[in-house]
Amino acid sequence: MRRSTFPSRRWTFVLVVAVGVAGALQSCGDGAAGTVESVSIAGATPRYVQAGETRTLTAVVEARGGATTGVVWRSSDEDVATVGADGTVVGVAPGEVLVMAVSAFDATKFAVAALEVTPAAIVTAATDGTYLTLAGLRLDAPDATGPGTRTIVLDLAWPESWRGLDRPTWVAAEDNWDAVWLFAKFRVADGPWRHATLAASGHEAPTGSVVLVPADGAGAFVHREAAGYGAFSADGVRLVWSYAGDGAVPGDALEVRVFGIEMVYVPEGSFYLGAGGSEPCGFRDGPTADPFLVAQPGPITLGDAPGTLSWATEGCSLAGSPEGVTDAAYPNGYGAFYLMKHELSQGLFAGFLNTLTQAQADVHRPTADLDAYRFGLTGGAVGSYASLRPHVAMPWIPWSVAAAFADWAGLRPMSELEFEKAARGPLPPTAEAFAWGTTAIVPATGLEQADAPSEVPLPADANANVALGLGPTRVGAFAAVGRTREDAGAGYYGALDLSGNILEVAVTVGVPEGRAFGGAHGDGALASSGHADVAGWPTTNVKGVGTRGGFFQGGAAEARTSFRSLAAFTSSAAHPWFGARFARSAP
């Protein structure tokens with residue numbers, strides 16, 4: 001109704017206000033010298049004001065001969081917006097409104113600005129199962145940062161952050177950092193959730209931080225700008241969202257939900273595959289027992305000739321065959337990439353389910369019994385999913401579900417080569433070593449403060465969850481201030497739980513479907529079925545992926561970095577051993 005009558009109401013309003021102001025000011029203007037040439041309004045573009053927010057307008061009065069420059073402000077509909085004596089407009093409720101500035105010296109001189117008050121956006125954070133704090137969230141009014149854009153504003157903080165030489169005692173790398181992958185979902189009213197695409201530019205990083213948005217706009221990396229270690233905060237992060245490109249319009253009643261995932265940066269560089277030990281199906285250089293050096297990006301030839309990537313095939317049917325060539329874009333680990341610091345947690349997984357359609361969520365929600373291998377997921381409807389153990393690694397994840405999460409989050413599966421680099425870094429490998437670079441392992445035998453965010457494995461010197469029948473533990477549970485890399489069970493670059501806890505899906509080089517993987521990232525949108533639909537990813541038939549890293553019921557030997565007996569095997573069915581961790585190529 002407001003839109004259809006707006007043009008006629010505009011002129012009625014102008015006439016009424018002008019006459020009223022003229023009458024009120026007549027005695028003041030009689031006989032006064034000077035002339036008001038014109039009145040205009042600055043600050044009325046863009047035209048949108050969000051309900052509950054303010055916009056300050058400025059009257060620009062061209063006056064001569066001693067005429068005063070004061071104005072009288074009026075709103076055409078105070079149920080939509082009010083305007084103060086200083087030109088401050090306050091959005092009250094959605095609708096269109098005219099704001100008029102009339103010269104206090106000459107009421108025949110005035111200016112009118114047409115504004116539209118849009119619904120106040122609801123902005124929330126989904127941080128269950130993470131160690132992040134997201135606060136101060138809001139969505140600025142439409143077009144404030146350019147046509148078709150809106151800005152998501154937030155304060156971000158997390159503990160145990162680092163960059164460079166000043167780092168945790170359990171991080172070996174001197175040239176890396178940790179970061180947070182931020183991304184957002186939105187919906188209009190009660191409609192389906194969709195992925196928010198960030199703009200190519202205009203983002204703002206608070207002092208001391210970096211905000212880096214990849215070309216596809218699927219999210220943003222936030223990390224320290226300079227060397228440092230400890231709790232880190234970035235207050236006032238501003239992410240510019242291309243809302244118009246995502247099909248939203250200014251008048252939509254929007255709900256935005258922001259997610260964050262902790263990552264570690266793995267820099268470009270050479271590294272070794274295999275360790276020359278007795279690990280079954282471990283990588284090697286051709287017919288030798290020597291580790292294979294990945295010295296450059298690009299395709300890798302597999303085979304038994306010197307200089308090719310190989311492994312012993314006897315008893316290794318589930319590791320695939322060393323033949324063929326990897327795709328030129330296969331993530332072979334040489335190039336820089338980000339990897340999740342922790343395994344996928346149950347809290348994060350619940351957040352994923354809560355932004356799907358009900359049909360999609362029904363496909364991906366495990367049907368395991370509550371408490372089966374520490375499975376704690378509750379809820380049966382979108383919006384109600386949660387976990388009794390949000391920080392515990394998520395079990396019961398088959399490949400199809402893992403791929404869907406990666407696509408939804410704008411990430412991608414890691415390759416099994418990236419897994420080995422994340423574990424041992426550029427160092428010469430130690431035979432039969434675990435992800436922390438030594439052969440020493442102290443299995444956990446129990447838990448203290450079980451199910452709490454502060455859950456601690458026992459004994460106090462435990463550094464891995466293997467042969468512990470109760471199930472996965474809290475992600476990152478072995479790391480603590482002052483612990484060494486071996487004590488914390490940490491990979492070279494700071495990724496935790498790479499050895500033990502839960503098997504992690506990885507794209508294999510053991511079969512053609514895996515070697516064809518080109519490393520494309522998810523775009524945040526799933527097929528209507530709920531499955532990932534990224535071109536070049538292994539499909540739901542499971543061919544092309546396997547598992548690495550050992551698990552809570554497996555023997556210690558299975559958690560060794562070079563252990564590959566299941567490198568080309570996973571299952572289309574859910575299993576308590578299966579979990580996930582994802583990557584993204586560095587921008």
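The values are calculated or read from the model by the stated rules, or taken from the named source; none is laboratory data. This one's a predicted model, so the numbers in the text were calculated from it and none came from an experiment. All Cβ positions, even for glycine, are placed from backbone atoms using ideal geometry, and neighbour counts span all protein chains on display.
Residues in segment 320-345 that are part of a strand (DSSP E or B) and of a type in the set (Phe, Trp, Tyr): 2 in all.
Residues that are surrounded by fewer than 17 Cβ atoms within 10 Å (Cβ to Cβ) and either under 25 Å from PRO512 (Cα atoms) or in contact with a Gly (Cβ under 8 Å, 6 or more places away or on another chain) (or both) are absent from segment 555-562 altogether. Residue check: is ALA467 at pLDDT below 95 and either surrounded by 24 or more Cβ atoms within 10 Å (Cβ to Cβ) or in contact with a Pro (Cβ under 7 Å, 6 or more places away or on another chain) (or both)? So ALA467 passes the test. For segment 399-435, filtering for residues that are in contact with a strand residue (DSSP E or B) (Cβ under 6 Å, 6 or more places away or on another chain) and assigned to a loop (DSSP other than H, G, I, E, B) leaves 5.
Please go through segment 170-183 and pick out each residue that is in contact (Cβ under 8 Å) with a residue 24 or more places away in the chain, more than 15 Å from THR438 (Cβ to Cβ) and not in a strand (DSSP E or B).
VAL171, ALA173, ASP175, ASN176
Please verify whether segment 101-120 includes one or more residues that are part of a strand (DSSP E or B) and under 30 Å from ALA477 (Cα atoms). No, segment 101-120 contains no residue that is part of a strand (DSSP E or B) and under 30 Å from ALA477 (Cα atoms).
Contact annotation: residue pairs with Cβ atoms under 8 Å, 6 or more positions apart or on different chains, pairing a residue in segment 58-85 that is in contact (Cβ under 8 Å) with a residue 24 or more places away in the chain and assigned by TED's automatic domain parsing to the domain that holds GLY43 with a partner that is in a loop (DSSP other than H, G, I, E, B) and among the basic types (Lys, Arg), are VAL61/LYS109.
Of all the numbered requirements in (1) free of Cβ contacts under 8 Å to residues at least 60 places away in the same chain; (2) under 22 Å from SER161 (Cα atoms); (3) touching a strand residue (DSSP E or B) at 6+ places or on another chain (Cβ under 6 Å), THR207 misses one, and that requirement is (3).
Candidates LEU526, LEU503: the one that is out of contact with any helix residue (DSSP H, G or I) (no Cβ under 7 Å at 6 or more places or on another chain), buried (at least 19 other Cβ atoms within 10 Å of the Cβ) and of a type outside the set (Phe, Trp, Tyr) is LEU503. Of all the listed residues (SER454, SER415, SER384), the sole one being closer than 30 Å to VAL534 by Cα and surrounded by fewer than 20 Cβ atoms within 10 Å (Cβ to Cβ) is SER384.
Among the criteria (1) over 27 Å from THR378 (Cα atoms); (2) modelled with pLDDT of 95 or more; (3) touching a strand residue (DSSP E or B) at 6+ places or on another chain (Cβ under 9 Å); (4) in a loop (DSSP other than H, G, I, E, B), the one THR438 does not fulfil is (3).
Does segment 459-488 hold any residues that are touching a residue at least 40 places away in the same chain (Cβ under 8 Å) and in contact with a Lys or Arg (Cβ under 9 Å, 6 or more places away or on another chain), and which are they? Once the filter is applied, which keeps residues that are touching a residue at least 40 places away in the same chain (Cβ under 8 Å) and in contact with a Lys or Arg (Cβ under 9 Å, 6 or more places away or on another chain), segment 459-488 yields LEU470, GLY471, PRO472, THR473, ARG474, VAL475, GLY476. Taking the options VAL72, VAL49, name whichever one is assigned to a strand (DSSP E or B), at pLDDT 95 or above, closer than 12 Å to LEU115 by Cα and among the aliphatic types (A, V, I, L, M). The unique qualifying residue is VAL49. Each residue in segment 330-387 was checked for being under 23 Å from the mean Cα position of the chain (by Cα) and on the phi > 0 side of the Ramachandran plot, and 2 pass.
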